[in-house]
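The values are calculated or read from the model by the stated rules, or taken from the named source; none is laboratory data. Since this is a predicted model, take the numbers as computed values, not measurements. Using ideal geometry, Cβ is built from the backbone for each residue, glycine included, and neighbour counts are taken over all protein chains shown. Heads up: the accessible areas ignore ligands, DNA and RNA and are worked out on the full protein's heavy atoms, side chains in. Shrake-Rupley method; radii C 1.70, N 1.55, O 1.52, S 1.80 Å.
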Amino acid sequence: MTVLNILEFPDKRLRTVAKPVEVVDGRIQTLVRDMLETMYEAEGIGLAASQVDVHERVVVIDLSDERNEPLVFINPDITPLTDEEFSYQEGCLSVPGFYEEITRPARVKIHALNEQGEAFETEAEGLLAVCIQHECDHLAGKLFVDYLSNLKRDRIQRKLDKIHRMQQRAG
Ligand code: GNR
Ligand code: NI
């Protein structure tokens, strides 16, 4: 297994629209395992393939405290189930250190394939609904900062640009 490099905002590659997975084969299963290892190492609750510069529709999530309940969504497709909204303080491994309240549909239906390539559907609410919507945004090249005002987003971009410049100088 391999810990993959996570792209950080404002990296343009995060804006790439992911393509559907055509066959869930060994290559995709290896990607899923590497994404899980990367998510656990980074202590995130979710990860989209876009964040590791693989532009295919693959998402992993684990909301459990023990970090032993991996959820895998290949070619996820979500539809809101209600007009009701839910607000949550969101963070992102690609926007490290910044947290902002984001409002989204409170419940969604999810259609996806599992890691064996079998179709399944489920409904999500609460944190799972937040997380799957956040991950599907990544697959569309979208980040939670896109929901913020230009002022807030530009502030975050300037701070991360500065951090990235300092990291570059430190080698
Ligand atoms: O680890 C993560 N935490 C989180 C918190 C609130 C809302 C969404 C998330 S997802 C994030 C991991 C990540 O960046 N996934 O794309
Ligand atoms: Ni994210």
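Listed by first and then second residue, the pairs with beta-carbon distance under 8 Å, at least 6 apart or on different chains, first residue in region 86-98 and under 18 Å from Ile61 (Cβ atoms), second among the small types (Gly, Ala, Ser) and near ligand 1 (Cβ under 6 Å from one of its atoms), are Leu93/Gly44.
Mind checking whether some residue in region 144-154 is within 16 Å of ligand 1 (Cβ to nearest atom) and touching a Cys at 6+ places or on another chain (Cβ under 6 Å)? Among the residues of region 144-154, at least one is within 16 Å of ligand 1 (Cβ to nearest atom) and touching a Cys at 6+ places or on another chain (Cβ under 6 Å), which makes the answer yes. Within region 1-17, residues that are within 17 Å of Gly97 (Cα to Cα) sit with their Cβ atoms under 6 Å from residues that are open to solvent by 90 Å² or more (accessible area, probe 1.4 Å), at 6+ positions apart or across chains, in these pairs: Leu7/Arg13.
Going by the conditions given, is Ile102 in contact (Cβ under 8 Å) with a residue 12 or more places away in the chain, open to solvent by less than 70 Å² (accessible area, probe 1.4 Å), away from ligand 2 (no atom under 14 Å from the Cβ) and touching a helix residue (DSSP H, G or I) at 6+ places or on another chain (Cβ under 7 Å)? No.
Gln29 passes every criterion in (1) assigned to a strand (DSSP E or B); (2) more than 14 Å from the chain's Cα centre (by Cα); (3) not charged (D, E, K, R) apart from (1).
Number of residues in region 43-97 that are away from ligand 2 (no atom under 16 Å from the Cβ), acidic (Asp, Glu) and under 27 Å from Gln116 (Cα atoms) equals 5.
Scanning region 156-171 for residues that are aliphatic (A, V, I, L, M) and either open to solvent by 90 Å² or more (accessible area, probe 1.4 Å) or more than 24 Å from the chain's Cα centre (by Cα) (or both) yields Met166, Ala170.
Selection of region 57-68 for residues being open to solvent by 40 Å² or more (accessible area, probe 1.4 Å) and under 9 Å from Leu139 (Cα atoms) yields only Arg57.
Scan region 74-95 for residues that are open to solvent by less than 50 Å² (accessible area, probe 1.4 Å) and either within 13 Å of ligand 1 (Cβ to nearest atom) or over 26 Å from Asp53 (Cα atoms) (or both) and jot them down. Scanning region 74-95 gives Pro76, Thr82, Glu90, Gly91, Cys92, Leu93, Ser94, Val95. Checked against the criterion of being surrounded by 13 or more Cβ atoms within 10 Å (Cβ to Cβ) and under 21 Å from Arg104 (Cβ atoms), the candidates Leu31, Leu71, Leu4, Leu36 yield just one match: Leu71. Within region 47-61, the set of residues being part of a strand (DSSP E or B) and more than 11 Å from the chain's Cα centre (by Cα) comprises just one member, Glu56. Residue pairs whose Cβ atoms lie under 6 Å apart, sitting 6 or more positions apart in sequence or on different chains, and linking a residue in region 36-49 that is farther than 13 Å from Gly91 by Cβ to a partner that is open to solvent by 10 Å² or more (accessible area, probe 1.4 Å) and modelled with pLDDT of 95 or more, are Leu36/Pro70; Glu37/Val3; Thr38/Val3; Thr38/Leu4; Tyr40/Arg67; Glu41/Val3; Ala49/Glu56.
Sub-7 Å Cβ pairs linking a first residue in region 136-155 that is open to solvent by 30 Å² or more (accessible area, probe 1.4 Å) to a second residue that is hydroxyl-bearing (Ser, Thr, Tyr) and modelled with pLDDT under 95, at least 6 apart or interchain, number zero.
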